[in-house]
1. Within the stretch B:1-40, can you find the residues that are free of Cβ contacts under 8 Å to residues at least 40 places away in the same chain and assigned to a strand (DSSP E or B)?
2. Among the residues of the stretch A:1-27, write down those that are under 16 Å from residue A:226 (Cα atoms) and part of a loop (DSSP other than H, G, I, E, B).
3. Do any helices (runs of 4 or more DSSP H) lying entirely in the stretch B:41-126 carry at least 2 residues that are more than 9 Å from chain A (Cβ to nearest Cβ) and either more than 14 Å from the chain's Cα centre (by Cα) or on the phi > 0 side of the Ramachandran plot (or both), and which ones are they?
4. Residue B:157 - would you say it is within 23 Å of residue B:179 (Cα to Cα), within 11 Å of chain A (Cβ to nearest Cβ) and free of Cβ contacts under 8 Å to residues at least 40 places away in the same chain?
5. Which number in (1) modelled with pLDDT of 95 or more; (2) part of a loop (DSSP other than H, G, I, E, B) marks the one condition that residue B:253 misses?
6. Looking at (1) within 18 Å of the chain's Cα centre (by Cα); (2) surrounded by fewer than 16 Cβ atoms within 10 Å (Cβ to Cβ); (3) not in a helix (DSSP H, G or I), which is the only condition residue A:213 fails?
7. I need the full set of residues from the stretch B:143-158 which are in contact with a strand residue (DSSP E or B) (Cβ under 9 Å, 6 or more places away or on another chain) and closer than 23 Å to residue A:263 by Cβ, in order please.
8. Find the helices (runs of 4 or more DSSP H) located wholly in the stretch B:136-241 whose residues include 3 or more that are surrounded by 17 or more Cβ atoms within 10 Å (Cβ to Cβ) and under 15 Å from the mean Cα position of the chain (by Cα), and list them.
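The values are calculated or read from the model by the stated rules, or taken from the named source; none is laboratory data. Here the structure is a predicted model, which is why all the values come from computation and not from measurement. Here the Cβ positions follow ideal geometry from the backbone for every residue, glycine too, while neighbour counts run over all protein chains shown.
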């Protein structure tokens, strides 16, 4: 057991260390504030600002979409449906299955939908696809915390004459808020780091995203393309991009912890 | 002619699946008195109490027959709005369950959902209900702290104040002192006695001594059946049914 623990912890450190060490030669401010110039992938000047902003836009949009769909689903199966409701059981089962589907399949599915609708690869198509990818993760994580809200708490609210909706939004969501935020962040992390689902749907571009209907670059794909070149100095930039992606996820995770602390003030333990 | 009491239960039958929990319960609850429902655990006391504000509705597989009249309105009638019924009854649960918000907001929550937005009125109302619950002096400087930081006894009084804030007619207590220390229990009991001047109070308990201390009227439930009910003095002095006698003397518990 101890050995396994050490292996797991060590592999995390090794991964982070590799990324950091390999990225050091390439990690410069210009990488963060410039878009790729001509010949960037051959080792010339430029940066990955296109992918950083693209990834942030895409993951934020997708997470927002996923919240708007997940929260009502979870509130419905926990507070409105009966405990042994077929619909609730089936919903949980579907979410579990969706969770297990590889993201490339989401990408392929998004691609087919785009083709049918006559859309091109765009930020919007990427947001929708990644949103779908995030929903099962977010909804299942929210489900676990909302299930834990004691029945006596919902009874306390409804015995004051509150409707189910009031109880759901003002009491249940409030009590489960820390867990809900965690669910949102887990999903965000998954969404920003996924390459396969955006490969066909969001496309890639060297310019900054300006519209929902134009393609957008993303960090995972930037890493993929840079690592795929035969030039060592461009490969170093791939590691630098990986470091940036890791850093974004780390920052969000740390920032959220602070936020959660503020929000849990009123939760009943 | 004496006006009819505003809470009447007629031929109430409740079952969970195949298990019948309440059998043909008929009871008129006297107004502005404390009615205590006693009986051994598992005899249906809590079920009876929860049927009064329709909290049973959400239980899976429950079947409810019979009528409960609140102000001559059958609360299980077809056109009844559940929130309207529940607003008429304040509930104190076994374990105090404060809402995940500040002390102030716990009291203001009910009035707010029923449309009270005026800040000044809300402040006055919070103070009034906290005083009625006997809590004001202890929390007046902590109104914006999370309610979960209060002691358990204070939390139960906060729940009482929260129930009073929606201006109910009836207060329901489901073993409201079972999670409290003796000191807090005593305070809650005293509040209930004080409140019967304005409210009809129904308390479920399995503590006979508590029933003796606070009851004006008693109802004895045994295995889902309402065995006997009557004014407290008579009930304890002259129980008619042998089962009541056995319960009061402690032969069954």
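1. B:19, B:28 - these are the residues of the stretch B:1-40 that are free of Cβ contacts under 8 Å to residues at least 40 places away in the same chain and assigned to a strand (DSSP E or B).
2. Once the filter is applied, which keeps residues that are under 16 Å from residue A:226 (Cα atoms) and part of a loop (DSSP other than H, G, I, E, B), the stretch A:1-27 yields A:24, A:25, A:26, A:27.
3. Result: B:103-113.
4. no
5. Result: residue B:253 fails condition (1) only.
6. Failed condition: (1).
7. Passing the criteria: B:143, B:144, B:145, B:146, B:147.
8. B:152-164, B:182-195, B:208-214
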